[in-house]
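What follows is a single structure, written as C-alpha cells, with notes after it.
The values are calculated or read from the model by the stated rules, or taken from the named source; none is laboratory data. Because the structure is a prediction, the values reported are computed rather than measured. Neighbour counts run over all protein chains shown; Cβ positions are idealised from the backbone, glycine included.
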Amino acid sequence: MSDLLSRVEARVMPSEDVLICLDLALLDARQEALADLDRARRTNDRPGDERLVTPKVDVSAFEARLADITDAIRDASIRIRIRGVDRNTYNGWLSQCPARKGKSETFDQSKFFMIAARGSGVYVDADGAEHDITEDEWAAIDATLTDGEYDRLAAAIIAVNRAKGSVDVAPFVSGSETTRDSFGISVSPAPSGSRRAASGAGSPKKSTPRKSTRGARTSE
C-alpha cells in the first residue's frame with residue numbers, strides 16, 4: 001500500500017455533538033435559579049446604611065439549587081454525535097430531497113437534515129461509548145424533536161460536512177503567521193435562516209426584470 005493511500009484511508013472525519021434535553025421544563029427552572037442567585041449576590045454587593053447591620057444573604061443555598069438543576073439537565077439529556085461524510089454520500093442525501101412544489105427552495109430542508117442525521121449520527125452514552133441508533137429509536141426521536149433542536153442538528157450537519165472542510169489549512173502547513181481568517185472564522189455554520197445556502201444546495205434563481213429601452217434614445 002502506498003504512503004498516500006494509507007494516509008487517506010486512515011482519515012478521521014470531523015464530528016460534532018448535539019445534546020437534546022428530554023425535559024425542557026428544567027431549562028426554565030435553571031433560568032429561574034440563575035436569576036435568584038444573581039439577585040442574592042447583588043444584594044450582598046449593595047452598599048448599606050453604616051448605622052444599620054445588614055445581614056448577608058447566604059448564596060450557598062442558591063448555588064446548590066443551581067447545581068442540582070444542572071445535574072438534572074445532564075441526566076435528562078441524550079447526546080447525538082454527528083459525523084462528517086464524503087461529498088458523494090452528502091450529495092446523495094440532497095438528491096433524495098427535491099424542492100417541494102410551490103416552495104421557493106432548491107431542496108426540501110424539512111426532510112434533508114433528518115436523513116443526514118440518520119445516516120451519520122450515533123448515540124453516545126454516559127460512559128462515552130458510541131452506539132448505532134435503530135430506525136425505531138430515530139422514529140421516536142423525530143416524533144418529539146422541537147424545531148429548535150432540529151435547527152441544532154442541521155447546524156451540526158453543516159459544520160462537519162461543509163464549514164470545517166472549507167477551512168484552508170495551507171497557512172498552518174506552510175508555517176505562516178496565523179490570522180483570524182486563517183482559522184476560518186468567516187465560514188462558521190450559518191444560522192437556521194440560511195440553512196439552504198449553507199447546506200451547499202445553492203439558492204433558488206431569481207427572475208431579473210428586463211430593463212425598458214423606451215425613451216432611452218435621444219434625438220439627433
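Listed by first and then second residue, the pairs with beta-carbon distance under 8 Å, at least 6 apart or on different chains, first residue in the stretch 161-178 and surrounded by 10 or more Cβ atoms within 10 Å (Cβ to Cβ) and acidic (Asp, Glu), second at pLDDT below 90 and part of a loop (DSSP other than H, G, I, E, B), are Asp168/Gly184.
Scanning the stretch 98-152 for residues that are out of contact with any Asp or Glu (no Cβ under 6 Å at 6 or more places or on another chain) and β-branched (Val, Ile, Thr) gives Thr106, Ile115, Ile133, Thr134, Ile141, Thr144, Thr146. Scanning the stretch 43-77 for residues that are loosely packed, with under 14 Cβ neighbours inside 10 Å, farther than 28 Å from Gly128 by Cβ and at pLDDT 90 or above yields Ser60, Ala61. The set of residues from the stretch 100-109 being surrounded by fewer than 18 Cβ atoms within 10 Å (Cβ to Cβ) and either of a type in the set (S, T, N, Q) or in contact (Cβ under 8 Å) with a residue 40 or more places away in the chain (or both) comprises Ser104, Glu105. More than 20 Å from Ala156 (Cα to Cα) and in a loop (DSSP other than H, G, I, E, B): does that describe Glu32? Against the criterion (more than 20 Å from Ala156 (Cα to Cα) and in a loop (DSSP other than H, G, I, E, B)), Glu32 does not qualify.
Annotation note: of Ser95, Ser77, the sole residue that is hydroxyl-bearing (Ser, Thr, Tyr) and over 21 Å from the mean Cα position of the chain (by Cα) is Ser95. In the stretch 59-76, the residues that are among the β-branched types (Val, Ile, Thr) form Cβ pairs under 8 Å with partners that are part of a loop (DSSP other than H, G, I, E, B), at six or more places apart or across chains, as follows: Ile73/Asp23.
Looking at the structure I just gave you, is Thr144 of a type in the set (Ser, Thr, Tyr) and farther than 30 Å from Ala35 by Cβ? When the stated conditions are applied, Thr144 does not pass them. Among the residues of the stretch 148-196, those identified as among the charged types (D, E, K, R) and modelled with pLDDT of 95 or more are Glu149, Asp151, Arg152. In summary, no helices (runs of 4 or more DSSP H) completely within the stretch 98-173 bear 3 or more residues that are over 16 Å from the mean Cα position of the chain (by Cα) and on the phi > 0 side of the Ramachandran plot. On inspection, Asp127 passes the criterion of being under 19 Å from Ser15 (Cα atoms) and modelled with pLDDT of 95 or more.
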